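The values are calculated or read from the model by the stated rules, or taken from the named source; none is laboratory data. All figures in this text were calculated on a predicted structure; none of them were measured in a lab. Virtual Cβ from ideal backbone geometry, glycine too; neighbours counted across all protein chains shown. What goes into the accessible areas is simple: the full protein's heavy atoms, side chains included, and nothing from ligands, DNA or RNA. Shrake-Rupley method; radii C 1.70, N 1.55, O 1.52, S 1.80 Å.
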Amino acid sequence: MSLENTATRPTLSRRFCVAPMMDWTDRHCRYFLRQLSQHALLYTEMVTTGALLHGDTERFLRYHADEHPLAIQLGGSNPADLAACAKLAEAAGYAEVNLNVGCPSDRVQNNMIGACLMAHPALVADCVKAMRDAVQTPVTVKHRIGINGRESYAELCDFVGSIAEAGCETFIAHARIAILEGLSPKENREIPPLKYDWVYQLKRDFPTLEIIINGGIKTLAECQEHLQHCDGVMLGREAYHNAYLLAEVDAALFDAQHPAPTREQALRALRPYLEQHLAEGGALHHVTRHVLGLAQGFPGARQFRQLLSTNVHKTADPLGLFDQACALLEGR
């Protein structure tokens, strides 16, 4: 974990966020994404309270100082456990603690985690209050716009209103309902229709709350349109599979004056990080599996992906192979 001087950190803004994604937004992925955007707010994968309190706490909280601004997402529904985890996150230097009320998978439902909590707004309010009482760090909620059986806009307003009364000021709304039976998590990201207008209306009905919109957003032009109606945007899969779009975020959405890094510059910036990871006994593919999305639509892109997805497991010279991959991005 990292406890560096907070005065050196970029200012936290939720104008553009990269969603917490299981198996994807680990610390290596976040370090890579930070080479592309200085301002995007990055989120950890969801960490359950059980894992944090009874597992390898140091491993789950670990990050590199350069990842800031950085938020942690917690999964759980026991107020006392969430408060204890929020304290750990605050001590570790995270800039935000987010509660997952959006994940639809059966595995987390069975532990009263994720989207099933939308049926229990009073419990979510208790969880938020317990965390807010325990820490000074902002506590936020990421949720769906409903679940099957609670699919009306009025019920969404009741949910948000209840949590807001507990002191939550920031809501990240995935603009789809979650179907809790019969659909896989992947299908739940694709089949329920997007209802952006509900999230826009939520901002109109709760003007003092910070409302961040999530779900199906793919371009910076779409981000700019959503920002006419909401306080921020959150991208998930597109930010991972097409990571280079983050290179334009700072100029397009934050009026930053620094030049956008090239693909080559962003990749070469990883070399010192890779050297340290390898020295600690890590494997090259732990990091490079997250950079494959840099290679799209140019000669040599397929070779780049092959080097870092197939050849990476065979090489006796991982840094030499990484340098070969960098060379394929020259001028890009």
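In the context of the full protein assembly, residue 17 retains an accessible surface of approximately 0 Å², using a probe radius of 1.4 Å and ignoring ligands and nucleic acids. Take the chain with all the other protein chains still there, run a 1.4 Å probe, and you get 42 Å² of accessible area per residue.
Of all DSSP beta bridges confined to the chain, the antiparallel ones make up roughly 5%. The charge dipole of the stretch 86-245, taken about its Cα centre with unit charges on the Cβ atoms of Lys, Arg (+1), Asp and Glu (-1) only, comes to about 300 debye.
Rounded to the nearest 20, the Cβ-based charge dipole of the chain about its Cα centre (Lys and Arg +1, Asp and Glu -1) stands at 600 debye.
Per atom type, the chain shows carbon and sulfur on 49% of its accessible surface, probed at 1.4 Å.
When 250, 56 are compared by accessible area of protein heavy atoms, the largest-first order is 56, 250, using a 1.4 Å probe. Computed over protein heavy atoms with a 1.4 angstrom probe, the accessible surface ordering of 16, 60, largest first, is 60, 16. Each residue of the stretch 129-174 gets 69 Å³ once the volume of the Cα convex hull is shared out per residue. With a 1.4 Å probe rolled over the protein heavy atoms of all chains, the accessible area of 290, 120 falls in the order 120, 290, largest first. Between residue 314 and residue 285, the simple spin-label model (points 7 angstrom out along Cα→Cβ) gives 1.2 nm.
Scanning residues 5 or more positions from residue 41 or on other chains, those with amide H under 5 Å from its amide H are 16, 17, 18, with H placed 1.01 Å from N in the peptide plane.
Applying a DSSP loop filter and a limit of 16 other Cβ atoms within 10 Å to the trypsin sites (Lys or Arg not before Pro) in the stretch 55-151 leaves 62. In the complete set of protein chains, residue-level accessible area for residue 292 is approximately 50 Å², probe 1.4 angstrom. Phi angles of the stretch 254-259 translate, via the Karplus equation with coefficients 6.51, -1.76, 1.60 and θ = phi - 60°, into HN-Hα couplings of 10, 6, 6, 9, 6, x Hz per residue; Gly and Pro are given as x. Expressed to the nearest 5 percent, the antiparallel share of DSSP beta bridges inside the stretch 61-170 is 10 percent. Multiplying the residue separation of residue 222 and residue 157 by 0.36 nm and subtracting their alpha-carbon distance yields 20.9 nm.
Cross-link partners of residue 203 among lysines, defined as those whose alpha carbon lies under 19 angstrom from its own and excluding same-chain residues fewer than eight positions apart: 142, 195.
Computed with every protein chain present, the accessible area of residue 197 is close to 90 Å² [probe 1.4 Å]. Estimated purely from DSSP H runs of n ≥ 4, each contributing -39500 (n - 2.57), the mean residue ellipticity at 222 nm for the chain is -11000 deg cm²/dmol once divided by its residues. Between the listed residues 251, 76, 32, the Cα displaced farthest toward the positive end of the dipole of the chain, a dipole computed from Cβ unit charges relative to the Cα centre, is found at 32.
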